[in-house]
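Engineer: The structure's right below; bear with me while I get my questions together.
The values are calculated or read from the model by the stated rules, or taken from the named source; none is laboratory data. Worth saying up front: this structure is predicted, and the values here are computed from it rather than measured. Here the Cβ positions follow ideal geometry from the backbone for every residue, glycine too, while neighbour counts run over all protein chains shown. Heads up: the accessible areas ignore ligands, DNA and RNA and are worked out on the full protein's heavy atoms, side chains in. Shrake-Rupley method; radii C 1.70, N 1.55, O 1.52, S 1.80 Å.
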Amino acid sequence: MAGEVVLLDFWPSMFAMRVRIALAEKGIRYESKEEDLSNKSPLLLEMNPINKQIPVLIHNGKPVCESLIIVQYIDEVWNDKSPLLPSDPYQRAQARFWADFVDNKVSGAAKKVWSTKGEEQEAGKKEFLEALKTMEGELGDKPYFGGETFGYVDLSFITFYSWFHAYEVLGNINIEAECPKIITWAKRCMQKEAVAKTLPDQKKVYEFVVQLRKMFVSE
Amino acid sequence: MEELKLLGAWPSVYCYRVIWALKLKGVKYEYVEEDLSNKSDHLLQYNPVHKKVPVLVHHGKPVAETSVILEYIEEIWPQNPLLPNDPFEKALARFWTKFEEDKSPAFFAFFRGVGEEQEKATKEAKQLLKIIEDHGLGEKKFFGGNKIGLVDLAFGWLSAWLEVMEEVVGIKLMEANSFPRLEAWNKSFKEDPMIKENLPDRDEMLPYFKSLREKLIASATT
C-alpha cells in the first residue's frame, strides 16, 4: 500500500487541491511537483499524454489522472483509515451524484464568472449562484454534505472556496448574502487541518485569477 | 424479486448503457418509457435536479446520472463484474468512461454541424476516434479486456448509433479500414448475445435522428 507517491501539482488548481486534501486526510507522505502549465514538463506529458493536465498522481511509477478518479483510487488503496466515501452503496451513489454536480454545474458556471464579461458573464453569474443554491438545498441542516463527518462531496466542493474572493470581486457578487449556509459550511470545513493547510489564501488566488482573466477577456 | 425500475427514453444511449449492464448481470427490472416532451411526475420526483433519464429506482430510492447508476449496479450486483478489481485498472476504466463523457460534445458537434463548422467537427471527431482506438482499446478485444466492461458500454454508441448518425449527416467518420481495431471491436460488441438482443432498430432510428438533426440545424440558425 505504501510506496512512492508523487503528485503533479499546480497550487491554484481546485482539482489538485482535492487530491492534496485526500492525501492529507489519509496521512500519506508524497512529493509534490509544481507544474508550469505554460511549459509542461516531460513527466506530465508522459504520465498524462491524453489530456496533458494536472493533477496526476504517480503511485509506484504508475499514473492516475482526473481529480475525482484519483480521490477514489486513494480511498480504495489506503482503505485502513479516514474513509472518504460512505460504505453504503446507496449513500455512495448519492455522494458520486453530488460530486458530479460540482464538476458539471458548479465548475462550468464558476469559470464563466471569472473568464467572461457582459451578457455572458451575467448568465454565468446567475448559473453559478443557482448551482450554489442547489448545493445549499442538498446540505440542508447537516454539518457536512457527508452528514456528521467531512466526506467525498465536501472534499469535491470545498476547494472552490479558495476562489470565492476572486468570483466575488470579478463577478461583483456577494456569495455570503446569496448562500449563507454555504459560507457557514465552508468555514466549518476550514477548521479541519487537512483543508486549512491545503487551500491557498483567497487573496493570492485572486491575484492569480486577475492575471489569468487577461488571457480570456480584453478589457 | 428486488423492486427495480428503470426510467428511460428510446433511443437514448445512456439508457441503453444501464439496460446492457442489467442484462449482462442477469438482473430483472421493470422498464418505464418516459416522454421527455411531457415529463412525468415520477421523473420530476425521482430526478428533481436534472430532470433527465436514465433514473434507476431501487426499492423506491432513485439513483441518477448514468455513470453513477452503473457504479451502483456494479456494487449491488457483483456477478459478471464490469469493472476490474485492481484499483489501478479500475481508475483507468473510470478515466476512459470520463473521457467519453467529456468528448461527447465533439461528436454532437459533428452530428448537428453544417458547412465549415461541420468540417472542423469531423476532423476533431476522427482525431478522437484515433485516440480511443490507440490508447483506449489498443490490442485488446474489448475495452474491458477479454470481456465487455463499463468502458465498452460507454463507447457502445459507436456501434448502432454512429452508423445512423453518419447516414443522416452524410459523412462517414469510421471509413472502411481507417479504424480496423474499432471496427473489429464493433463486430465483437454487437455479437454478444445480451447486446445483440438490446440494440435499437436501425430503421426506427433513421427518421428519429434525421428529424433531430433538422431541428438542431434550424434552432442554430434562428
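Engineer: Here's a check for you: in the stretch B:167-201, which residue that is surrounded by fewer than 16 Cβ atoms within 10 Å (Cβ to Cβ) and more than 25 Å from B:G136 (Cβ to Cβ) is farthest from the chain's Cα centre (by Cα)?
Structural biologist: Top of the filtered list is B:G170.
Engineer: What is the number of the single condition among (1) in a helix (DSSP H, G or I); (2) within 21 Å of the chain's Cα centre (by Cα) that B:E117 does not meet?
Structural biologist: Of everything listed in (1) in a helix (DSSP H, G or I); (2) within 21 Å of the chain's Cα centre (by Cα), B:E117 misses just condition (2).
Engineer: Residues being within 21 Å of the chain's Cα centre (by Cα) and either surrounded by fewer than 16 Cβ atoms within 10 Å (Cβ to Cβ) or among the small types (G, A, S) (or both): count how many of those fall in the stretch B:50-71.
Structural biologist: Of the residues in that region, 4 qualify.
Engineer: Related question: Confirm whether A:S67 is away from chain B (no Cβ under 13 Å) and within 26 Å of A:E168 (Cβ to Cβ).
Structural biologist: no
Engineer: Restricting to the stretch B:84-105, name every residue that is modelled with pLDDT of 95 or more, surrounded by fewer than 20 Cβ atoms within 10 Å (Cβ to Cβ) and away from every other protein chain (no Cβ under 11 Å).
Structural biologist: B:P84, the sole residue that qualifies.
Engineer: Please identify the pairs in which a residue from the stretch B:86-109 that is under 19 Å from A:R96 (Cα atoms) has its Cβ atom under 6 Å from the Cβ atom of a residue that is at pLDDT 95 or above and acidic (D, E), counting only partners at least 6 apart or on another chain.
Structural biologist: B:P87/A:E76; B:F95/A:E66; B:K98/A:E66
Engineer: What are the residues in the stretch A:59-69 that are open to solvent by less than 30 Å² (accessible area, probe 1.4 Å) and more than 17 Å from the chain's Cα centre (by Cα), if any?
Structural biologist: Correct list: A:H59 only.
Engineer: How many residues does the stretch A:146-167 hold that are open to solvent by 20 Å² or more (accessible area, probe 1.4 Å) and over 13 Å from A:I183 (Cα atoms)?
Structural biologist: 3
Engineer: Within the set of pairs 6+ apart or on separate chains, which have a first residue in the stretch B:70-84 that is among the hydroxyl-bearing types (S, T, Y), a second that is open to solvent by 20 Å² or more (accessible area, probe 1.4 Å), and C-beta atoms under 8 Å apart?
Structural biologist: Correct list of pairs: B:Y72/A:P89; B:Y72/A:Y90; B:Y72/A:R92.
Engineer: In the stretch A:100-121, which residues are open to solvent by less than 40 Å² (accessible area, probe 1.4 Å) and at the interface with chain B (Cβ under 9 Å from one of its Cβ atoms)?
Structural biologist: Of everything in the stretch A:100-121, those that are open to solvent by less than 40 Å² (accessible area, probe 1.4 Å) and at the interface with chain B (Cβ under 9 Å from one of its Cβ atoms) turn out to be A:D100, A:F101.
Engineer: On the basis of being in contact with a Phe, Trp or Tyr (Cβ under 8 Å, 6 or more places away or on another chain), closer than 28 Å to B:L83 by Cα and in contact (Cβ under 8 Å) with a residue 12 or more places away in the chain, does B:G144 make the cut?
Structural biologist: It is false that B:G144 is in contact with a Phe, Trp or Tyr (Cβ under 8 Å, 6 or more places away or on another chain), closer than 28 Å to B:L83 by Cα and in contact (Cβ under 8 Å) with a residue 12 or more places away in the chain.
Engineer: For the stretch A:70-91, state whether one or more residues are within 14 Å of chain B (Cβ to nearest Cβ), closer than 26 Å to A:S38 by Cβ and crowded, with 19+ Cβ neighbours inside 10 Å.
Structural biologist: Taking every residue of the stretch A:70-91 in turn, at least one turns out to be within 14 Å of chain B (Cβ to nearest Cβ), closer than 26 Å to A:S38 by Cβ and crowded, with 19+ Cβ neighbours inside 10 Å.
Engineer: Scan the stretch A:36-58 residue by residue and report those that are within 14 Å of chain B (Cβ to nearest Cβ) and open to solvent by 80 Å² or more (accessible area, probe 1.4 Å).
Structural biologist: A:E46, A:K52, A:Q53
Engineer: Filter the stretch A:175-219 down to residues that are outside any helix (DSSP H, G or I) and either exposed (fewer than 11 other Cβ atoms within 10 Å of the Cβ) or touching a Leu at 6+ places or on another chain (Cβ under 8 Å) (or both) and give me whichever is modelled with the lowest pLDDT.
Structural biologist: My answer is A:E219.
Engineer: Which condition breaks for B:I148 when tested against (1) part of a helix (DSSP H, G or I); (2) at pLDDT 95 or above?
Structural biologist: (1)
Engineer: Every residue in the stretch B:15-68 that is of a type in the set (D, E) and either more than 14 Å from B:K5 (Cα to Cα) or within 12 Å of chain A (Cβ to nearest Cβ) (or both), please.
Structural biologist: B:D35, B:D41, B:E65
Engineer: Taking the conditions exactly as written (more than 14 Å from chain A (Cβ to nearest Cβ), basic (K, R), under 20 Å from the mean Cα position of the chain (by Cα) and more than 30 Å from B:K210 (Cβ to Cβ)), does B:K5 satisfy them or not?
Structural biologist: yes
Engineer: Specify which of the listed residues (B:E133, B:E74, B:E124) is open to solvent by 60 Å² or more (accessible area, probe 1.4 Å) and more than 8 Å from chain A (Cβ to nearest Cβ).
Structural biologist: That would be B:E124, the only listed residue that is open to solvent by 60 Å² or more (accessible area, probe 1.4 Å) and more than 8 Å from chain A (Cβ to nearest Cβ).
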